[in-house]
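**Q** Next up is a structure, given as structure tokens.
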Amino acid sequence: MRRVLQLATFRRLLVATVINEIASAVGSVALALLVYRRTGSAIGATGFFLCSQFAPALLSPSLVARLDGRPARRVLPALYTVEALIFLVLAWLVGRFSVAPALVLIVIDGVMFMSARVVARATWTSMTAGEGLMREANAAINTMVAASNMLGPALGGALVAVGGTRAALLVNVLAFTLVAITILTTQGLPQPQSADGIAIRRVRAALAYTRRSPLIRNLICLEGVGVLFFTISIPVEVVLAQRTLHSGAGGYGTLLATWGAGAVAGSMMYARWRRFASGTLMTAGACLLGVGFLAMSLAPSLLVAAVGATVAGVGNGLQGVAARTAVQEATPERWMALVLSLNESMFLGVPGLGILLGGAVATLAGPRPALAVGAAGSLLVALAIPWLLRPAFGRSAPGASVAAVRGEARPAEPGGEARLGAAAVKPQ
């Protein structure tokens, strides 16, 4: 990853992305605790989840469509500034908390966060693809984001415990202000292609383009099914730890920590093996998730369950970045922001269905059968990847996205799908 990290512009985008992820996690912890404490019910927590994830997943593609074609040097600072202002208002509301206004602000912040993530991803994809460094960039970003997802919740909990909810929210104000200044003072960001048309029409056009492109359509749909099964464990692990393994809150924390450590390791594995074809890495990640879930479902002790969670976390870290890379490699530059927005909406929205499915199965049959369902679904996805994503096992220039660089990818004719992915050579 050293070559891509030598690009000063990419380093600044990396810093902005990491701060955005950590600050979002800090805000989520602080606001989730605040909403639950003030409402005292699971309904309040559910409302927070819907407003922080489901609503932004539905609304952000329209905002990305409006911003697409505008310079990232202006768009990203504007989005980060709005986030800073939202957290400033939320900090002011802590002493006079009202659920409805807070949830509205949470929805707006979620849309800003997701839009900033997509615009940043589209920007550095365009910047690094032409240098043949896109896979290195993906490896660097994903490793840092995985680490951020471990650090952010811990930092949020510590800030709330030490300084209270208002202090945690004010730290976010400072963080988003700094990242806005970082991007505003960054030179050399690529100029996007002009994008004409009404936002909703452009979203519909992106959906139509995705439907007409077999590879992109199969990638997003198959990954959506995968995410459904991959997230079954979210509401189940706490039941497994406390009711089945009788290990209490410490056991639940151990499962979360080992999963997170595995995700970081999976991201590092992608960095090491990034020259393998995207389809191969996606299959390996889905297999590891299935094996990890199976081990957790059969675990006689917390130690075995923690090993299973680690294996599943490795698969999660490897499969997620490989899938996003495959979408980037298959998408021409003129559609990059919109297709990535649709893909990120799927990543943000589908876990809710996985959580509902996992909770329902765990309620009816127990945590072990729920994890077994996750294992079976993950392994079926692993079997489907080579069949539905044959082009993702093809060969092209290692590390380069032909579609993104040349803007040549078009909906494939029968029997003539665009090729994507790097040659499966030995990792360097």
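Here, each number is a calculation from the coordinates, and none is a lab measurement. None of the values given here were measured: they were computed from a predicted structure. Backbone-built Cβ (ideal geometry, glycine too); neighbour counts: all protein chains shown.
**Q** From the square roots a ≥ b ≥ c of the eigenvalues of the alpha-carbon gyration tensor of region 1-193, which class results: rounded (a/c under 1.5), prolate (a/b over b/c), or oblate? If you can, show how the numbers build up before the last one.
**A** On the way: a/c = 2.11, a/b = 1.77, b/c = 1.20.
Prolate, because a/c is 1.5 or more and a/b exceeds b/c.
**Q** Normalising by the residue count of region 223-304, find the relative contact order in percent from Cα pairs under 8 Å and 6+ residues apart.
**A** Details: 25 pairs, mean separation 25.1, N = 82.
Here the relative contact order equals 31 percent.
**Q** Taking the chain as a Gaussian network, Cα atoms linked when under 10 Å apart, which of Arg202, Arg37, Arg11 shows the biggest mean-square fluctuation?
**A** Arg37
**Q** Given an 8 Å cut-off on Cα distances and at least 6 residues of separation, report the relative contact order of the chain as a percent. Intermediate values should be presented prior to the final figure.
**A** Numbers: 770 pairs, mean separation 98.8, N = 428.
It rounds to 23 percent for the chain.
**Q** Still on this model: With θ set to phi - 60°, apply the Karplus curve 6.51 cos²θ - 1.76 cosθ + 1.60 along region 157-163 and write out the HN-Hα couplings as whole Hz, x wherever there is a Gly or Pro.
**A** x, 5, 5, 5, 5, 8, x
**Q** Let me ask something else. How large is the dipole of region 112-218 about the Cα centre if only Lys and Arg carry +1 and Asp and Glu carry -1, each at its Cβ, rounded to the nearest 20 debye?
**A** On the way: 10 positive and 3 negative charges, 119 e Å.
Once rounded to the nearest 20, the dipole reads 560 debye.
**Q** Computed FRET efficiency, Cβ-Cβ of Arg204 and Trp92, R0 30 Å: what is it to the nearest 0.05?
**A** That pair, Arg204 with Trp92, gives E of 0.20.
**Q** Moving to a separate point now. Taking the number of other C-beta atoms within 10 Å as the exposure measure, put Ile234, Ile108, Ile183 in order starting with the fewest. Numbers along the way, then the final one.
**A** Values: Ile234 15, Ile108 19, Ile183 24.
With the sparsest Cβ surroundings first, the list reads Ile234, Ile108, Ile183.
**Q** Sum up the charges of everything whose Cβ sits under 15 Å from the Cβ of Val99, counting Lys and Arg as +1 and Asp and Glu as -1, but leave Val99 out.
**A** For residues surrounding Val99, the net value is +3.
**Q** For region 306-365 and region 60-92, write down the distance between their C-alpha centroids in whole Å.
**A** Their Cα centres are 24 Å away from one another.
**Q** Additional query: Once phi is turned into ³J(HN,Hα) by the Karplus curve 6.51 cos²θ - 1.76 cosθ + 1.60 with θ = phi - 60°, what whole-Hz value does each residue of region 55-64 show in order, with x for glycine and proline?
**A** In residue order, the calculated couplings are 4, x, 4, 7, 8, 5, x, 5, 5, 4 Hz.
**Q** So how compact is the chain: Cα radius of gyration and Dmax in angstrom?
**A** Rg, Dmax (Cα atoms, Å): 20.9, 62.
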